[in-house]
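These notes concern the structure reproduced below.
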Number of protein chains: 2
Amino acid sequence: MLACQALKKLRSASFLTSRGFAVLTADTVNPNVVKAEYAVRGALVLRSNEYEDRLARGDKSLPFDKVIPCNIGNPLVLKQEPIEFHRQVLALVNVPGLVDQPEVKKLFPEDAIERAKFYIDNIVGGTGAYGHSKGSACVREEVARFLQRRDNHPADPEDIYLTDGASPAVQNSLLALIRDENDAILAPIPQYPLYSAAIAINGGALVGYYLDEENAWGLDVKELARAVKEGRDAGKTVRAMAVINPGNPTGQCLSAENIEEIIKFCNDENILILADEVYQENVYAEGKTFVSFKKVLRDMGKAYDDVELISFHSTSKGFTGECGRRGGYMELVNIDDGAKDQFYKLMSVNLCSNIEGQLMVGMMTNPPQPGDASYKRYVAQRDGTLEALKRRAAKLVKAFNELEGVTCNETEGAMYTFPKITIPTKAVEAAKEAGMAPDAFYCMQMLDDTGIVVVPGSGFGQKEGTWHFRSTILPPEEAVDEVIEKTVKFHANFMNKYR
Amino acid sequence: MLACQALKKLRSASFLTSRGFAVLTADTVNPNVVKAEYAVRGALVLRSNEYEDRLARGDKSLPFDKVIPCNIGNPLVLKQEPIEFHRQVLALVNVPGLVDQPEVKKLFPEDAIERAKFYIDNIVGGTGAYGHSKGSACVREEVARFLQRRDNHPADPEDIYLTDGASPAVQNSLLALIRDENDAILAPIPQYPLYSAAIAINGGALVGYYLDEENAWGLDVKELARAVKEGRDAGKTVRAMAVINPGNPTGQCLSAENIEEIIKFCNDENILILADEVYQENVYAEGKTFVSFKKVLRDMGKAYDDVELISFHSTSKGFTGECGRRGGYMELVNIDDGAKDQFYKLMSVNLCSNIEGQLMVGMMTNPPQPGDASYKRYVAQRDGTLEALKRRAAKLVKAFNELEGVTCNETEGAMYTFPKITIPTKAVEAAKEAGMAPDAFYCMQMLDDTGIVVVPGSGFGQKEGTWHFRSTILPPEEAVDEVIEKTVKFHANFMNKYR
């Protein structure tokens, strides 16, 4: 009997671990999951959590009195104010009957009450019921009108799918695109590692195209062609290209001309475009504006009506910054009806995205208008946030450029700086000994010395032999000065120590 | 040049469709996605949406004046009241400073204000910031205390992962378990099709075990053994067993003894248990109570400390019914640390589940207590909802059993009835001609004649040669009478037409 059981255990192909046979261990979990890496929340974050716990317990032995999380684009945790109108509407839709209470008029502006009534009347079952798997129709209509105003081209609510933030939308797109390990997706290097992680999880191949650091992180179509050739020479089918505009972590903002070249290239090579446009409100550089891939594509006319495009947006970024809300959408442009049906089915397996995230998308795309009670407050909050981000970006870029051996491109858009650092040979050796990439070693030392959490460039990919880190531009203005002061001191010490 | 482009297009292995070459079509999408089926939101729902649109436009040509959605467990769309306390807390946490306004005391009970302050103080960045990828610590602690009270065994907040409803938790578990097409998951027949869909999407094999309709949809371990043998004989590694308790669509409620047998079986066969316990509050049958797999497992003592269990719960069901909130959690029991790390990483790629869904989980597991201002109202709402569900279940089961050729087991728990219907030979032929399963044909005719939406048994799996449909027990009490009246009339007509 025992032998029989042991045999059965072996037949189930499980693993002998310290605690006996187990079905699911690090060795027997789906290897695609193991392969996936996500540095934004990796080892550094775990250590920073540990430091936070120690500080919270009153531990005075650390060389800093607080942890400053510059690792993740999470504005509201760094004192950015949420847009008041949006929050008021959320409060009002949640309590049945509240909009009709007389006291409510003292607490909430008229337009927030009106908007709440609109959602209450138009969202069947309210915020607590499953909605349509593609998202509530009235919100998809708000998004379509926003896209129409933005691009000056029609947008169809039926092509808009509301999602729990942009991340699951990207993941579902890659799930639909990747059939097996021979399917490849073009992704920028450096890139936000959602792409590499989701490609790994779905068992596909990532073919990297390098952004040109010497040329303000520009995207050169010749480099795209090189990458496609590399992928095809390796026997891969290059199905799609991920492009992040404005860039994460690189901050570049693509021109309409550049986007047109990319679209022509993808048309010639029959490559679907995944346009991550979650930072479309975050453009700071003089003379730069955000132009959507959809607009450029439609401007190019009928000849390009079969270039397939999926674009992503989110409530987490911009000046909305409502990350925890998990609101987002994707627009399917020139996508085959049969494929659209498959997306709809995929989303229906998850029933629907969270309704309050959907409402946040509605308010982001349909904010208070001139004449509305909340308009002035909305504009003040919006402009205040964007101007502060612009100032902080400039301040950080300037400071980083003054560090020994560091160069840092302008943050044209998005929420990050991505300085290139020179790591002395002795530090490279010390990192090797510690089993870490040199820039991860640098970032870990920065955390240990200053409490500042940034993400090493190796988590995003970078040209071989170069090292970087990504820091958000989100700390409140007084904290930015502190970040700079501490970084300057740390960097000088680090360089001296390993000189 | 043209020839060269055409060659490139062929090299990218795309498909010629009516609108030219396209990367993503129904024929070139990931075939695992195509394979997935999800009947709860399939063809019937699309037609019901069409009818709703026609009714909304004033179309008087239909033989009914409203669509009654009995296809999906979506209580708040059918007039179930949300728990007021939970909604009040959500309203208060969303507007910064609102809890301190004097008018607020007139509108909200004291305990809701207190709870909102607790969440405001304990959730870093509030509802609008990314939280910990496993979920906010203070909510995970609420869940752990709930589990401890429920099971009388310790629960560790570190083993609790908050998720956007139970569905993504199930999907992530299957993603971790399924390495390739040789990995099999045991799933009940009939079953809620999330399991079959997610197994297909992840490229694994489903091995079905039949629930015993003649024996109140009982789960017989001998049938489990048969299924495991079938899977292994086909060369599959049977990695895990999905069990839904109380059952969906079948409503059975497992006894502690039955659960103990299942655990012993899974221990002997080295199979991980996925326990879907989202209906744990929904038990109606006399003498039946919900017992969790965790409790039985821990009661069995140390010898079973290596049986691996992942259990799922949700805010969508029970008497909470907050489906649109997408709140849920999974508890990992006896899971290897390395595998837990992989789950954590998987969740971190998606950053975090939506914070308000997390708060709803917190309030579901930590509701008002005796002495709190909201306690009486909470209890009245809770008991009112559960008693109404119990009455409606009994009413529907009785009515279905009185139909010609129909038998229907008691709804011991969950939110559904699953009657077995006899379909006359002529109707089976007509269905064949229409390219539909006979029970799908029956359900479509029911929709066309009555506006009632139910789901055919073929969407859940059923013993060959038997036909069923699933109807929720959720319509408000007056509508249940209408559903019964219309169903009785439709059924008689259908039987007469095809006799």
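The values are calculated or read from the model by the stated rules, or taken from the named source; none is laboratory data. These figures come from a predicted structure and were not determined experimentally. Please note: Cβ atoms are built from the backbone with ideal geometry, for glycine as well, and neighbour counts cover all protein chains shown. Surface areas here come from the heavy atoms of the whole protein model, side chains and all, with no ligands, DNA or RNA. Shrake-Rupley method; radii C 1.70, N 1.55, O 1.52, S 1.80 Å.
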Counted residues in segment B:271-293 being free of Cβ contacts under 8 Å to residues at least 40 places away in the same chain and open to solvent by 10 Å² or more (accessible area, probe 1.4 Å) come to 5
Every listed condition ((1) assigned to a helix (DSSP H, G or I); (2) touching a residue at least 40 places away in the same chain (Cβ under 8 Å); (3) touching a Leu at 6+ places or on another chain (Cβ under 9 Å)) holds for residue A:238 save (1)
Has segment B:435-443 got any residue that is assigned to a strand (DSSP E or B) and in contact (Cβ under 8 Å) with a residue 60 or more places away in the chain? no
The condition from (1) of a type in the set (S, T, N, Q); (2) outside any loop (DSSP other than H, G, I, E, B); (3) not assigned by the TED database to the domain that holds residue B:326 that residue B:71 misses is numbered (2)
Please pick out the residue among B:76, B:107, B:92 that is among the aliphatic types (A, V, I, L, M), over 26 Å from residue B:388 (Cα atoms) and in contact with a helix residue (DSSP H, G or I) (Cβ under 6 Å, 6 or more places away or on another chain). B:92
If you take the residues in segment B:90-99 that are in a helix (DSSP H, G or I) and of a type in the set (Val, Ile, Thr), which one is farthest from the other protein chains (Cβ to nearest Cβ)? B:99
So which of A:114, A:103, A:142 is modelled with pLDDT of 95 or more and more than 19 Å from residue A:325 (Cβ to Cβ)? A:114
I need every pair where a residue in segment B:100-124 that is within 11 Å of chain A (Cβ to nearest Cβ) has its Cβ under 8 Å from the Cβ of a residue that is among the charged types (D, E, K, R), sequence separation at least 6 or different chains. B:103/A:103; B:103/A:106; B:106/A:103; B:107/A:103
Take segment B:404-424 and flag every residue that is open to solvent by 70 Å² or more (accessible area, probe 1.4 Å) and of a type in the set (D, E, K, R). B:404, B:410
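One line per residue, one yes/no per condition, for (1) open to solvent by 10 Å² or more (accessible area, probe 1.4 Å); (2) modelled with pLDDT of 95 or more; (3) more than 22 Å from the chain's Cα centre (by Cα):
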{"residue": "A:299", "(1), (2), (3)": "yes, yes, yes"}
{"residue": "A:308", "(1), (2), (3)": "no, yes, no"}
{"residue": "A:316", "(1), (2), (3)": "no, yes, no"}
{"residue": "A:328", "(1), (2), (3)": "no, yes, no"}
{"residue": "A:338", "(1), (2), (3)": "yes, no, yes"}
{"residue": "A:346", "(1), (2), (3)": "yes, no, no"}
{"residue": "A:349", "(1), (2), (3)": "no, no, yes"}
{"residue": "A:354", "(1), (2), (3)": "no, yes, no"}
Could you check, for segment B:226-242, whether at least one of its residues is under 17 Å from the mean Cα position of the chain (by Cα) and either open to solvent by 20 Å² or more (accessible area, probe 1.4 Å) or on the phi < 0 side of the Ramachandran plot (or both)? yes
Within segment A:215-224, does at least one residue satisfy the condition of being under 22 Å from residue A:418 (Cα atoms), out of contact with any Gly (no Cβ under 9 Å at 6 or more places or on another chain) and surrounded by 18 or more Cβ atoms within 10 Å (Cβ to Cβ)? yes
Failed item, numbered, when residue A:427 is tested on (1) over 19 Å from residue A:70 (Cα atoms); (2) loosely packed, with under 15 Cβ neighbours inside 10 Å: (2)
(1) within 30 Å of residue A:250 (Cα to Cα); (2) open to solvent by 20 Å² or more (accessible area, probe 1.4 Å); (3) in a helix (DSSP H, G or I): which one isn't true of residue A:55, the others all being true? (1)
Among A:191, A:171, which is the only one that is surrounded by 18 or more Cβ atoms within 10 Å (Cβ to Cβ) and more than 11 Å from every other protein chain (Cβ to nearest Cβ)? A:191
Would you please name the residue that is nearest to residue B:168 (Cα to Cα), looking only at residues in segment A:338-360 that are touching a Ser or Thr at 6+ places or on another chain (Cβ under 6 Å) and either of a type in the set (A, V, I, L, M) or more than 8 Å from chain B (Cβ to nearest Cβ) (or both)? A:347
Unique match (being in contact with a strand residue (DSSP E or B) (Cβ under 7 Å, 6 or more places away or on another chain) and facing chain B (nearest Cβ under 9 Å)) among A:183, A:159, A:212: A:183
When you check residue B:83 against the structure, is it in contact with a Leu (Cβ under 9 Å, 6 or more places away or on another chain) and either within 11 Å of chain A (Cβ to nearest Cβ) or modelled with pLDDT of 85 or more (or both), yes or no? no
Looking only at segment B:68-80, and only at residues there that are within 11 Å of chain A (Cβ to nearest Cβ) and aliphatic (A, V, I, L, M), the one that is most open to solvent (accessible area, probe 1.4 Å): B:77
